[in-house]
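Note sheet for the following structure.
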Amino acid sequence: MSRVRFTEDFDYKPKKSITVAYLAGMEKTVKRECAAQAIAAGKAVSLDGNKRTRDHGETEITSPAVDGTAAESPREEDNGSGDS
């Protein structure tokens, strides 16, 4: 699956008897074949580059809690010395 934004109206025909119509301005997740055809026709742009994705389509999420590194505090701790 691929995420695209349709820049112009596009008709995708997965089979002879089926037509899926996409309107300009729509942002959709579509089959890779549909995305490739629409992009090749100049009627869509890929949005997949906006996220890091794994090979099987899941979004990779990294955060301090997940990868084991501790986040630094944005402020310094007051050590109680009274020096300002």
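Tabulated results
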{"quantity": "Of residues in segment 15-38 being polar (S, T, N, Q) and within 14 Å of Arg3 (Cα to Cα), the one surrounded by the fewest Cβ atoms within 10 Å (Cβ to Cβ)", "calculated": "Thr29"}
{"quantity": "Residue check, Ala44 modelled with pLDDT of 95 or more, small (Gly, Ala, Ser) and in contact with a strand residue (DSSP E or B) (Cβ under 9 Å, 6 or more places away or on another chain)", "calculated": "yes"}
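Residue by residue, here is whether (1) part of a loop (DSSP other than H, G, I, E, B); (2) at pLDDT 60 or above; (3) touching a Lys or Arg at 6+ places or on another chain (Cβ under 9 Å) holds:
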site	(1), (2), (3)
Lys13	no, yes, no
Val20	no, yes, yes
Ala35	no, yes, yes
Asp83	yes, no, no
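The values are calculated or read from the model by the stated rules, or taken from the named source; none is laboratory data. The model shown is predicted, which means the values in this text are computed figures rather than measured ones. Every residue, glycine among them, receives a Cβ derived from its backbone with ideal geometry; neighbour counts consider all protein chains shown.
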